Number of protein chains: 2
Amino acid sequence: MRKVYVIGIGMTKFGKFPEKNVLEFGIEACFKAIKDANIDPKFIQIAYAGHARTGQLQGRECGVGQSILWDLGITGIPISSVGNFCSSGSTAFREAWIAVASGMYDVALAVGVEQLSVRLGKGRPLASDGIELLTSLGFAPATFFANLAARHMYEYGTTKEQMAMVAVKNRRNACFNPYAQYQDGVTIEEVLGSPMVVNPLTLYSCCPTGDGGAAAVLCSSKIARRFSRAPIEVAACALSSGVYKKQKDYTTLFVTQEAARQAYEFSGIGPEDVEVAEVHDCFTISEIVHYEDLGFCKKGEGGKMIETGETNIGGKIPVNPSGGLLSKGHPLGATGIAQVAEIVWQLRGEAGDRQVKDPKVGLTHCAGGFQESLELAEVSACTVLLFKK
Amino acid sequence: MRKVYVIGIGMTKFGKFPEKNVLEFGIEACFKAIKDANIDPKFIQIAYAGHARTGQLQGRECGVGQSILWDLGITGIPISSVGNFCSSGSTAFREAWIAVASGMYDVALAVGVEQLSVRLGKGRPLASDGIELLTSLGFAPATFFANLAARHMYEYGTTKEQMAMVAVKNRRNACFNPYAQYQDGVTIEEVLGSPMVVNPLTLYSCCPTGDGGAAAVLCSSKIARRFSRAPIEVAACALSSGVYKKQKDYTTLFVTQEAARQAYEFSGIGPEDVEVAEVHDCFTISEIVHYEDLGFCKKGEGGKMIETGETNIGGKIPVNPSGGLLSKGHPLGATGIAQVAEIVWQLRGEAGDRQVKDPKVGLTHCAGGFQESLELAEVSACTVLLFKK
């Protein structure tokens, strides 16, 4: 195993673009990433495309990567589709990392896409029979996290206002991110006063659906030295997945804890070393719970962490300077690689008006899944990636 | 990079089982593979699930591997979905191979599943708009290969009888394979007299749709020595993919040629060394063309190769002793790993009444894709895997 570096990243503006073809997001992101890497597209030796719902929404369950790369003039190399719920993009990134770390390939491309604004055959069910039943009974993601929020409030005294502060912080950061789906601020009152989705989660407490693409070029040290003035090292690339049956502790996401444990152990980097992080804030409560499960604070202290401003840009560990899923947007397969793009920009010092002051270590965290049964077992996948300059 | 071995394989009987859940095929195959490997399920450190159409057909685009492994008591490890058309299973196998070859993991599981006999929301289109249009215009896989057959007949004098011999041979082999979807013989007359699908391809010239699962346990040499008396070495694991625009030569599948080239180069094994092969005979003409593109014979001599019996069990290079896709069946995601299972059984000498005499080197070949546009560009993926004992 050898060290792997990111030398190019690119992404599209996130938002709703129903007039576009889902491939276009990938093509734009790849062109940008390859240009950013300063390499000829012919250098790409292997590619992975991450997407979670293009089969059900656009009838493209396979071949997404092949079709995208054709537009870049790349053909013949190994290209595969990779899926892992909301972590599909970061799982594709991880496969690219393994391919380079193995010594088998020198340059790999990871691309993630999704288009949630349009779907083939409107109105048909999206999930399998069991899931469909659960969804019709109300067990959608918002319900899962609303339950978690209620329990967190009960056990640790977390408040609705603290949760709203997550949305306010991330929307504030997004104002400085030209790629973000929403670039205007909100207040605590507006978050709390927006329409109720599942109590206590209001509309502005939930990430939007949207479309977009993101891509990254990964390479060996030899290639990094040759083409990049500012290669970013991938210090760890952990994936935890499987089925977690809910135990006594309803306020912990074990899949996050396990991925974080693996990433910290692999790299020797601890949560105290992280200077900027992109965290999976699919709902406001998610970010608070992930602070805890990633080890940024003790269990139960996530609410206090957002309230004291420790995760603001300028705070102890700035979280989601990009705006996060809540404001930058969440086109599933693109999200994990867009997080990487933000951390790479931050570590390079290229994040413009949302730049964190001189960070040397960054983390991305992406978690997804669904509930398998009424027993509330959770089928999930979570990546925790660490980067250093 | 280090050597990788297969120490366990398992598969379900292929066929149409609409009463089953798609996960059941994977669970049965994994149980068998792990039992065959003689290891505790807890040894599995990473897993990949290959499936091509479970998103569109069963609403399971992600999480297939997680749900299967839950039944085996495995959770927390990295598990991903991998898709690549008909090569989805062999692409999952390849990812598992890279994971072990990299030195990062000692034991990996690859599982492939598909269930084509049932589909959620019957009647809805399966492909994206462009593909749907092409399909409605008649550009289905059978059309693609019928065009290829017509051209092959024109250029090289290949006959309908020679093509039918492929179906006859593979059905004969399948009579001795308890896992095969069809276990009764057919004659040349029956193949030629079966209903026409696309001229010159009749019903018995096309592989059936069906359901099934297959799994393999891959490991490092240390683990292989400890648990297996007959580990089979993975000598090469090549994947070629991308978009191939049809050039002047309509009788060549470039994606197969390229994967074969990579596999032979990587391993130092040549086509003349292959003693048993499982080849992607989705249609009778496919097997004939793949003989040529895999280098088993010269271009244009595939028809003669089947006619002279060189690919019979007992011939120079026995091809599809399992019965192939034409008779064993073709549940997309399962096929690539079921091919590996057959070759492992053959190399171990465990193939019963269809055993090839003492082979030391085996090959599997799996190719899939679809046509992107009316210009007949082919979005494809092809694996060529080499094994030796």
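The values are calculated or read from the model by the stated rules, or taken from the named source; none is laboratory data. Worth saying up front: this structure is predicted, and the values here are computed from it rather than measured. Cβ atoms come from the backbone with ideal geometry, glycine included; neighbour counts cover every protein chain shown. Side chains are part of the model used for accessible areas, which takes the heavy atoms of the whole protein and leaves out ligands, DNA and RNA. Shrake-Rupley method; radii C 1.70, N 1.55, O 1.52, S 1.80 Å.
Summary table below
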item	result
Interface area, A with B, accessible, probe 1.4 Å, both sides summed, Å² nearest 100	4700
Inter-part distance where the stretch B:288-325 and the stretch A:39-101 are each reduced to a Cα centre, Å	33
Bridge type composition, the protein assembly as shown - antiparallel percent by DSSP, nearest 5	75
Surface per residue (accessible, 1.4 Å probe) for the protein assembly as shown, Å²	33
7 Å along Cα→Cβ, label-point gaps from B:R151 to other copies, nm, shortest first	6.0
Selected from A:M196, A:M305, A:M165 as most flexible by GNM, with chain A as the system and alpha-carbon contacts under 10 Å	A:M196
Aspartates and glutamates whose Cα lies under 17 Å from that of A:K389, excluding same-chain neighbours fewer than 8 positions away	A:D36, A:E233, A:E272, A:D273, A:E275, A:E278, A:E342, A:E350, A:D358
Amide H partners (placed H, <5 Å) of A:M104, local residues excluded	none
Axial C-alpha extent at least 18 Å, average Kyte-Doolittle at least 0.0 - helices from chain B (DSSP)	B:22-37, B:88-101, B:332-348
5 angstrom amide H check on B:E278, placed H, neighbours 5+ away	B:N320, B:L363, B:T364, B:H365
Hydrodynamic radius by Kirkwood, which averages 1/r over all alpha carbon pairs of the stretch B:189-304, in angstrom	17.2
The protein assembly as shown, accessible surface, carbon-and-sulfur percent (1.4 angstrom probe)	53
Three principal axis lengths of the protein assembly as shown [C-alpha, angstrom, descending]	81, 49, 49
Other protein chain Cβ atoms within 10 Å, averaged over every residue that makes up B:191-202	0
Across the identical copies, how the A:F31 labels are spaced - nm, sorted shortest first, 7 Å along Cα→Cβ	5.3
Those residues of the stretch A:37-51 whose amide nitrogen sits under 17 Å from the label point placed on A:K20, 7 Å along Cα→Cβ	A:50-51
Principal semi-axes in Å for the stretch B:308-356 [√(5λ), Cα gyration tensor, largest first]	19, 14, 8
Spin-label pair A:D249/A:A230, simplified geometry with 7 Å Cα→Cβ offset, distance in nm	3.8
Added length on full extension, which subtracts the Cα-Cα distance from 0.36 nm per residue, A:E301 to A:E272	8.9 nm
Cβ-Cβ FRET estimate between A:R261 and B:K42, R0 fixed at 25 Å, reported to 0.05	0.90
Calculated label separations, A:G352, copies of the chain, 7 Å along the beta-carbon direction, nm	6.6
Burial of 30 Å² or greater, the stretch B:87-102 residues [accessible area, probe 1.4 Å, versus chain by itself]	B:R94, B:E95, B:I98, B:S102
Cα pair count fraction exceeding 20 Å, expressed as % - the stretch B:291-389	45
Equivalent ellipsoid semi-axes - Cα gyration tensor, chain B, angstrom	30, 24, 19
